[in-house]
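Here the structure is laid out as structure tokens; the discussion comes afterwards.
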Amino acid sequence: ERIEREMAEEINAQAEQNAFRIPAWVNIAGALLGVLQLSYRIEQERERRADDYFANPRPEIYSVVASMSFEVGVAFLIAINCVLLGWQASLPENENAVLFDICEHIFVSIFLIEWCMRVIAFG
């Protein structure tokens, strides 16, 4: 037991020496901008979600976002967006500009909704 305790103390001492120390000015800037409070709230939420008895407050959205069909659908939309971007890049400038602008707005809207659903589902 004594040897194990000494080894644990030595490992902890080495970890403290190798730990990354955040400069004081970064902590001050973070406190002024509210980033530290946000970081604290995120850590609290992670601890809450790590609990074995945690129940997702929005199980419907979680079940949709966690499904394989949702992942495949998003991947398909990303592939279509890539094809449209490649097509737009291969055409002379301003050719079909209205079509590509409309498609860009549609895809941005869809991806924003997807991102919001993931934030709601996974936190």
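Quick one: in region 59-104, which of the residues that are modelled with pLDDT of 95 or more and among the aromatic types (Phe, Trp, Tyr) is farthest from Ile120 (Cα to Cα)? Ranking the qualifying residues of region 59-104, first place goes to Phe76. Summed over region 38-78, residues that are within 17 Å of Trp115 (Cα to Cα), open to solvent by less than 80 Å² (accessible area, probe 1.4 Å) and not aliphatic (A, V, I, L, M) total 6. Checking each residue in region 88-109 for being hydrophobic (A, V, I, L, M, F, W, C) and without any contact (Cβ under 8 Å) to a residue 12 or more places away in the chain picks out Ala89, Leu91, Ala97, Val98, Leu99, Ile102, Ile106, Val108.
The sole residue among Asn12, Asn81, Asn27 that is in contact with a helix residue (DSSP H, G or I) (Cβ under 8 Å, 6 or more places away or on another chain), over 30 Å from Phe111 (Cβ atoms) and either surrounded by 11 or more Cβ atoms within 10 Å (Cβ to Cβ) or not β-branched (Val, Ile, Thr) (or both) is Asn27.
Being outside any helix (DSSP H, G or I), touching a residue at least 24 places away in the same chain (Cβ under 8 Å), of a type outside the set (A, V, I, L, M) and out of contact with any His (no Cβ under 7 Å at 6 or more places or on another chain), is that true of even one residue in region 49-63? Scanning region 49-63 turns up at least one residue that is outside any helix (DSSP H, G or I), touching a residue at least 24 places away in the same chain (Cβ under 8 Å), of a type outside the set (A, V, I, L, M) and out of contact with any His (no Cβ under 7 Å at 6 or more places or on another chain).
Reported count of residues in region 6-48, each being in a helix (DSSP H, G or I), β-branched (Val, Ile, Thr) and modelled with pLDDT under 80, is 1.
The values are calculated or read from the model by the stated rules, or taken from the named source; none is laboratory data. Here the structure is a predicted model, which means the values were calculated and not measured. Positions of Cβ are generated from backbone atoms using ideal geometry, with glycine treated the same way; all protein chains shown enter the neighbour counts. To get the accessible areas, we keep the full protein, side chains included, count just its heavy atoms, and leave off ligands, DNA and RNA. Shrake-Rupley method; radii C 1.70, N 1.55, O 1.52, S 1.80 Å.
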